[in-house]
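S.K.: Sharing a structure with you now.
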There are 4 protein chains.
Amino acid sequence: MAAVKLQIGVAGLGRMGKRHALNFLQNVPRASLVAVSTPDADERQWAKENLAPHGVTVYEKYADLLSHQGLSAVCVASATAVHAEQAIAAIAAGKHVLCEKPLGISVDISQTVVDAAAARPDLKVMCGFSRRFDASYRDAYSKMQSGMIGRPSVLRSQTCDVLDPSGFFVAYAEFSGGIFVDCSIHDIDLALWFFGEDAKVRSVHAVGITAVEPDLRKYNDRDNAVGVVEFNDGRIAYLYASRMMAAGQEDATEIIGTKGKLTVNMVPTENHVRIYQPGGIRHELPQNYWGRFRAAFTTEAIEFTDSVLNDTPVPVKLESAVTAVRIGAALQKSMITGEKIVFDESGSEGDRARL
Amino acid sequence: MAAVKLQIGVAGLGRMGKRHALNFLQNVPRASLVAVSTPDADERQWAKENLAPHGVTVYEKYADLLSHQGLSAVCVASATAVHAEQAIAAIAAGKHVLCEKPLGISVDISQTVVDAAAARPDLKVMCGFSRRFDASYRDAYSKMQSGMIGRPSVLRSQTCDVLDPSGFFVAYAEFSGGIFVDCSIHDIDLALWFFGEDAKVRSVHAVGITAVEPDLRKYNDRDNAVGVVEFNDGRIAYLYASRMMAAGQEDATEIIGTKGKLTVNMVPTENHVRIYQPGGIRHELPQNYWGRFRAAFTTEAIEFTDSVLNDTPVPVKLESAVTAVRIGAALQKSMITGEKIVFDESGSEGDRARL
Amino acid sequence: MAAVKLQIGVAGLGRMGKRHALNFLQNVPRASLVAVSTPDADERQWAKENLAPHGVTVYEKYADLLSHQGLSAVCVASATAVHAEQAIAAIAAGKHVLCEKPLGISVDISQTVVDAAAARPDLKVMCGFSRRFDASYRDAYSKMQSGMIGRPSVLRSQTCDVLDPSGFFVAYAEFSGGIFVDCSIHDIDLALWFFGEDAKVRSVHAVGITAVEPDLRKYNDRDNAVGVVEFNDGRIAYLYASRMMAAGQEDATEIIGTKGKLTVNMVPTENHVRIYQPGGIRHELPQNYWGRFRAAFTTEAIEFTDSVLNDTPVPVKLESAVTAVRIGAALQKSMITGEKIVFDESGSEGDRARL
Amino acid sequence: MAAVKLQIGVAGLGRMGKRHALNFLQNVPRASLVAVSTPDADERQWAKENLAPHGVTVYEKYADLLSHQGLSAVCVASATAVHAEQAIAAIAAGKHVLCEKPLGISVDISQTVVDAAAARPDLKVMCGFSRRFDASYRDAYSKMQSGMIGRPSVLRSQTCDVLDPSGFFVAYAEFSGGIFVDCSIHDIDLALWFFGEDAKVRSVHAVGITAVEPDLRKYNDRDNAVGVVEFNDGRIAYLYASRMMAAGQEDATEIIGTKGKLTVNMVPTENHVRIYQPGGIRHELPQNYWGRFRAAFTTEAIEFTDSVLNDTPVPVKLESAVTAVRIGAALQKSMITGEKIVFDESGSEGDRARL
């Protein structure tokens, strides 16, 4: 008896695309990776060597991927700038979509995906906020829900990458939406998750510096940034993002409640090994986001696959991805202008007078 | 293009057997679980509900499993007492074998499996020492091999289970070979791995108590035991095993070298969550061996599958499993008799005079 | 040979005053506690029982303490509201002064102490920022100075007290200057220390909530607050203060540099004990500020005594205490008004237009 | 009012003697260090520079120290070989005695001190087992006493020094009594403390190696040793001592009970600082015994002083120090002979037949 499998394709084979492709190929029993597409010749060569031997068709054009015989779903893992248009094209072609975060670098672009999805309620469309699938974050969420810490009131969260000495992230900044939309989007999504999707933002304020890469300024970006988000119901999220960590990927979160506190990954560790040498006791860290969240990406792919095959709701609401971009973009704007930004009751950016 | 997969069956569906079966079903892309067998009606019922829907045939008799059409390999996960005979029967039937540890509760029984395997060099036969497949142990081994700690000289290792208030382990003790053969076998295997497979034992000595379960004495077993193993080349391994941990599974290892030390899992943790409440900061632990080593069992299954499909040597030499039983059984004997046991140059138990 | 000792008196015997008095009595070999003063009858009774037997004179009036025969120095540990006037009176009487933080709840009041001290360069006047005397903070500072983390660029620091269920802190808030002046002053001082005393503030912004004690609002205070301080030279300090911790005192600091990071007390611990019980592994925390910094207060008292007896500069510049209040008061104002506050080049509060 | 102070002298100004002298000089308010003695000219020179300016008389001969006008007590911190004779001479001279561990390198020698003390019940005579004064060990003991871990059944403890590349410890080994009497004596004392002073030893067994210093063999010593102590009431202590740690002083203890476990210093730390650099997160360790137990030595000195001035019993029974040497010497003998040593009911070494 051969079980029905989800025929899925991956669009984009950059750093994240390769990982998504291998993930669907190796770790998702109910999915079959059947095709990939990328405009980049080197990436196609990689696919020919690593994916084609397992029966995966390699396309140059995304449109051809969408036309692949039997394809049911697409994982959009291309550059942020084309997330939205590729997701919308897939929906138009009747494919289920797992889209890498963010949906787009602006609220308007992100909203177009939500609108397209709303028109096709038969399709599963999900934005991949990987931390929602991480075992530790889920454990913390479940403990909070059980009342263990009283009312969650303050959330501190950070997304901090190792310094990439190649400076790749400067060029990348031109299209990433900036450090708050690219990195802190995860922390913002955590705030929405832990405080409740309907939490309304009252104000945002952010500051940033270029400690290691002054060239980021030409793209209105920074390499270290701190943001503060006030919610209307008397809660605060404060965020830190950095691109210059020395030791490894440092993504940590504290959820502080009226009766206790939960932390996730306060002291990052790669594994259970400790090294004793002159100078002290040392342990290693994951060196990048994938190293920390590899298992979460697998769970994400498995659960997306299940929601399609079982026709159940996707585990993360799509609208939430727009709210996250709204907050991230406002923080980015505050950081660049130096202005605190306040929102009115409806959740739109208001004027200072309202305060 | 459909890749060739290893058709494998699992014998025994007790606690570990169920886990092995699900592991091969879900996590090993190159293997297909095609059949299982167990004499236990409840276990067969479980299999009918959980495995049969995925196309797995359920047998009562092991002989029928071996006769399953197209079967290439067997995972022996039955009671320790039948490990050897089932492994030998599988070899006789021309099947590759992945056998749960230990091969048998005595050296002689264990050796019969090695002998049977030696007669069929075309078959892959491996004893599953799961820690050899754990990412942290592998990282520690690799760091040791790189010279990071000088010459490894002392190894401390423990296998400590949570107290099972049902007292199941008392009945289990009758056939387990005792705490050193059942639990410490892992630590002994680590010593052989880290000190080198050809390390020769000079003496063993052990003591034990029944702190929580005096009934263990009727099976010549204890619930807490400490053993010391001297090697001829000036190295020491000292071991602790317990069945009464309160907090969780505590399997820890230190490898102490002339220039440094490596530890694995000195302070066990379930995940990245920490809980702050009145009374302090707390974290949870895995509650059993599987919880700690789940990923290692998957790696073990994947690598065994690869060694069969690729016709490469299995990652753990079978002879090593006999040596581990030899040391474990001697420690068990020392614990019960109160005598230190010395080995002569050939590795056989000698007399005290030799010292 | 009897060594000359510093004859010191302590003004105020509230929670901190008692500790300072006992500290000078027991732990400072070169100082003699000769007298104390407090207007509170209960506190005087305590002093009669605990200090008088060791030869300490107990006064009701501060003026009498200042007139105590042979007195050379005063430790001002009274209510914040009288810090400045008592310090100035001591200076006028020709006494050296160790004053508890803050000098005053406003910049102007704090400055009066600095002015009085400037007029008497023969006297040692120091504001007690206890963390500057903590072994861990000093170790971190020294490592930073050695270049270990490159250029320090971002400082995260928090002062978080255990929830006091008596609600004492509400009444206390009326005169404390608010959470930023009372608690975060320590973190602000750390920023000035680690970034350099001459770091100029560019802007501050803060938000706060009353998660457990709404009554704080009548004194324009909050029980949880987040503040962000931008410095002109491209550095950021961001701060968190709370009065509702469940597990214990949580004072932690991160100093993030371009080549590394140093943390102090990221996971607070009381001692070296870990408790393994069902539910996990747990450790306790200091329950208050004194529990965490007891040894630092002793070092502070010893070093202040040494600076007087040896006629060397006090280890912490007095002017720094005014700058800390300036920043703390601005954060408090920002939290209450909702306005971001910018400073002009001279370090005075400017207008928004400047940005 | 000048309080009465204990006039104390320190005999021996080697590594530990210097520390004891400075400890009494600086940290014990109720004691006055009035004199010291040492036959070593360099040590006397150090004393003239560091102690004499504070009014401390420096003697060459111990007899002269004992004759110092007004002396009430002596701290014996000389070489282990003369501990007993100096302690006895002090008792004969009517002085209270705080003697560094061990009382002697043999049971017989140690017993002579107990006998001498028994004849002078008016004098306080204590052997300085510093860990009994450590805040963490005391906390663990108190938690165990409260029933938190059920019945303590297994104790693991280690005393592990940093490798001294000068090889000083080889010469030192000639007179130290060996690694079990010199280092493990602390762990043995902990077993007696935590299991109860009246716990009777049933057997001991030990093994040792010379991993870094083969020359130790000429003094019948080893640089790494593992010992196992069985108690008659069904408890086990197992010990590890080493002189080759790379990272720092590693003195750790686990007390394992039927309902829980307590650990002390499982991952040694110097302070609250963590260092993040390429390669991971690191923390430093105390580099020697004093670094780890400095505060405990101060508490020990304060409590010894209090017991003399208040005429209360000393906090550690003197007889316990003989029992510790008895066990340590037996372990040392077992390590060298290779024989397991059993004790008869009276606690004397018996013969193997008894088992």
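S.K.: When you scan segment C:303-324, do you find a residue that is at pLDDT 95 or above, in a helix (DSSP H, G or I), closer than 30 Å to A:Lys259 by Cα and under 19 Å from the mean Cα position of the chain (by Cα), even just one?
M.R.: Scanning segment C:303-324, I find no residue that is at pLDDT 95 or above, in a helix (DSSP H, G or I), closer than 30 Å to A:Lys259 by Cα and under 19 Å from the mean Cα position of the chain (by Cα), so the answer is no.
S.K.: All but one of (1) out of contact with any strand residue (DSSP E or B) (no Cβ under 9 Å at 6 or more places or on another chain); (2) over 18 Å from A:Arg156 (Cβ atoms) hold for A:Trp193, so report the exception by its number.
M.R.: (2)
S.K.: Between a residue in segment A:280-303 that is free of Cβ contacts under 8 Å to residues at least 12 places away in the same chain and any residue that is open to solvent by 30 Å² or more (accessible area, probe 1.4 Å), which pairs come within a Cβ distance under 6 Å, given they are 6 or more apart or on different chains?
M.R.: That search, which allows pairs on different chains as well, returns A:Gly280/D:Arg282; A:Gly280/D:Glu284; A:Ile281/A:Arg274; A:Arg282/D:Arg282.
S.K.: Inside segment A:103-156, can you point out the residues that are acidic (Asp, Glu) and within 13 Å of chain B (Cβ to nearest Cβ)?
M.R.: Result: A:Asp134, A:Asp139.
S.K.: Related question: Every residue in segment A:190-223 that is polar (S, T, N, Q) and either more than 14 Å from chain C (Cβ to nearest Cβ) or without any contact (Cβ under 8 Å) to a residue 40 or more places away in the chain (or both), please.
M.R.: Hits for segment A:190-223 are A:Thr210, A:Asn220.
S.K.: Within the bounds of segment D:137-155, is there any residue that is at negative phi, β-branched (Val, Ile, Thr), without any contact (Cβ under 8 Å) to a residue 60 or more places away in the chain and in contact with a Leu (Cβ under 7 Å, 6 or more places away or on another chain)?
M.R.: no
S.K.: Let me ask something else. Outside the structural domain of B:Thr253 (by TED's automatic domain parsing) and under 23 Å from B:Trp290 (Cβ atoms): does that describe B:Lys101? Lay out the reasoning, then the answer.
M.R.: Working: outside the structural domain of B:Thr253 (by TED's automatic domain parsing): yes; under 23 Å from B:Trp290 (Cβ atoms): yes.
It is true that B:Lys101 is outside the structural domain of B:Thr253 (by TED's automatic domain parsing) and under 23 Å from B:Trp290 (Cβ atoms).
Yes or no, residue by residue, for (1) touching a strand residue (DSSP E or B) at 6+ places or on another chain (Cβ under 7 Å); (2) within 14 Å of chain D (Cβ to nearest Cβ):
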site	(1), (2)
C:Val4	no, yes
C:Ser32	yes, yes
C:Pro53	no, yes
C:Lys61	yes, no
C:Ala81	no, no
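S.K.: Looking for whichever is closer than 23 Å to A:Val267 by Cβ, under 18 Å from the mean Cα position of the chain (by Cα) and open to solvent by 20 Å² or more (accessible area, probe 1.4 Å) here; the options are A:Asp134, A:Asp187, A:Asp139, A:Asp161. Which one fits? So that I can check it myself, show each step before the final result.
M.R.: Values: A:Asp134 fails: open to solvent by 20 Å² or more (accessible area, probe 1.4 Å); A:Asp187 fails: open to solvent by 20 Å² or more (accessible area, probe 1.4 Å); A:Asp139 fails: under 18 Å from the mean Cα position of the chain (by Cα).
The unique qualifying residue is A:Asp161.
S.K.: When both residues are 6+ apart or on different chains and their Cβ atoms are under 9 Å apart, which pairs have a first residue that lies in segment A:307-331 and is charged (D, E, K, R), and a second that is open to solvent by 60 Å² or more (accessible area, probe 1.4 Å) and modelled with pLDDT under 95?
M.R.: The qualifying pairs are A:Lys317/A:Glu197; A:Glu319/A:Glu197; A:Arg326/A:Glu349.
S.K.: Would you check which residues across segment A:224-259 are within 14 Å of chain B (Cβ to nearest Cβ) and either open to solvent by 10 Å² or more (accessible area, probe 1.4 Å) or not in a strand (DSSP E or B) (or both) and list them?
M.R.: A:Gly248, A:Gln249, A:Thr258, A:Lys259
S.K.: Hey, does segment D:95-112 have a residue that's among the basic types (Lys, Arg) and either on the phi > 0 side of the Ramachandran plot or at pLDDT below 95 (or both)?
M.R.: Checked segment D:95-112: at least one residue is among the basic types (Lys, Arg) and either on the phi > 0 side of the Ramachandran plot or at pLDDT below 95 (or both).
S.K.: Restricting to segment D:24-64, count the residues that are farther than 18 Å from D:Val76 by Cα and among the charged types (D, E, K, R).
M.R.: Selection size over segment D:24-64: 4.
S.K.: Among the residues of segment A:325-355 satisfying the criterion of being among the small types (Gly, Ala, Ser) and modelled with pLDDT of 95 or more, which is surrounded by the fewest Cβ atoms within 10 Å (Cβ to Cβ)?
M.R.: Only one residue fits best here, namely A:Gly338.
S.K.: Sticking with this one: Can you tell me which residues in segment C:59-87 are surrounded by fewer than 20 Cβ atoms within 10 Å (Cβ to Cβ) and hydrophobic (A, V, I, L, M, F, W, C)?
M.R.: C:Ala63, C:Ala79, C:Ala81, C:Val82 - these are the residues of segment C:59-87 that are surrounded by fewer than 20 Cβ atoms within 10 Å (Cβ to Cβ) and hydrophobic (A, V, I, L, M, F, W, C).
S.K.: Which number in (1) more than 11 Å from chain A (Cβ to nearest Cβ); (2) open to solvent by 10 Å² or more (accessible area, probe 1.4 Å); (3) within 20 Å of B:Ala252 (Cα to Cα) marks the one condition that B:His272 misses?
M.R.: The failed condition is (1).
S.K.: Pairs please, first residue from segment C:72-94 and under 23 Å from C:Val181 (Cα atoms), second anywhere and assigned to a helix (DSSP H, G or I) and of a type in the set (Val, Ile, Thr), Cβ atoms under 7 Å, 6+ apart in sequence or on different chains.
M.R.: Filtered contacts from segment C:72-94: C:Ala84/C:Ile109; C:Ala84/C:Thr112; C:Ala84/C:Val113; C:Ala87/C:Val113; C:Ile88/C:Thr112; C:Ile88/C:Val113.
S.K.: Shifting gears a bit: Restricting to segment D:6-46, give me the number of residues that are surrounded by fewer than 24 Cβ atoms within 10 Å (Cβ to Cβ), in contact (Cβ under 8 Å) with a residue 24 or more places away in the chain and among the small types (Gly, Ala, Ser).
M.R.: Residues flagged as surrounded by fewer than 24 Cβ atoms within 10 Å (Cβ to Cβ), in contact (Cβ under 8 Å) with a residue 24 or more places away in the chain and among the small types (Gly, Ala, Ser) within segment D:6-46 amount to 2.
S.K.: Confirm whether C:Tyr219 is surrounded by fewer than 23 Cβ atoms within 10 Å (Cβ to Cβ) and hydroxyl-bearing (Ser, Thr, Tyr).
M.R.: Considered against the rule, which asks whether it is surrounded by fewer than 23 Cβ atoms within 10 Å (Cβ to Cβ) and hydroxyl-bearing (Ser, Thr, Tyr), C:Tyr219 comes out as yes.
S.K.: Also, I was wondering about something else. Yes or no: D:Leu262 among the aliphatic types (A, V, I, L, M) and more than 9 Å from chain C (Cβ to nearest Cβ)?
M.R.: Numbers: among the aliphatic types (A, V, I, L, M): yes; more than 9 Å from chain C (Cβ to nearest Cβ): no.
When the stated conditions are applied, D:Leu262 does not pass them.
S.K.: Is it fair to say B:Arg292 is crowded, with 21+ Cβ neighbours inside 10 Å, part of a helix (DSSP H, G or I) and under 19 Å from the mean Cα position of the chain (by Cα)?
M.R.: Working: crowded, with 21+ Cβ neighbours inside 10 Å: yes; part of a helix (DSSP H, G or I): yes; under 19 Å from the mean Cα position of the chain (by Cα): yes.
It is true that B:Arg292 is crowded, with 21+ Cβ neighbours inside 10 Å, part of a helix (DSSP H, G or I) and under 19 Å from the mean Cα position of the chain (by Cα).
S.K.: Taking into account only those residues within segment B:100-131 that are among the charged types (D, E, K, R) and within 18 Å of B:Ile179 (Cβ to Cβ), which is surrounded by the most Cβ atoms within 10 Å (Cβ to Cβ)?
M.R.: B:Arg131
S.K.: Could I ask something else about it? Within segment A:142-158, take every residue that is of a type in the set (Ser, Thr, Tyr) and crowded, with 17+ Cβ neighbours inside 10 Å and give me the one that is farthest from B:Glu284 (Cα to Cα).
M.R.: Of everything passing the filter in segment A:142-158, A:Ser153 is farthest from B:Glu284 (Cα to Cα).
S.K.: Restricting to segment D:164-181, name every residue that is open to solvent by less than 10 Å² (accessible area, probe 1.4 Å) and under 22 Å from B:Lys261 (Cβ atoms). Please lay out each step first, then the result.
M.R.: The initial filter retains those residues of segment D:164-181 that are open to solvent by less than 10 Å² (accessible area, probe 1.4 Å), namely D:173, D:176, D:178-181.
The answer is D:Ile179, D:Phe180.
The values are calculated or read from the model by the stated rules, or taken from the named source; none is laboratory data. Worth saying up front: this structure is predicted, and the values here are computed from it rather than measured. Neighbour counts are summed over all protein chains in view; Cβ atoms, including those assigned to glycine, are modelled from backbone coordinates with ideal geometry. Quick note on the areas: whole protein, heavy atoms, side chains included, nothing else; ligands and nucleic acids left out. Shrake-Rupley method; radii C 1.70, N 1.55, O 1.52, S 1.80 Å.
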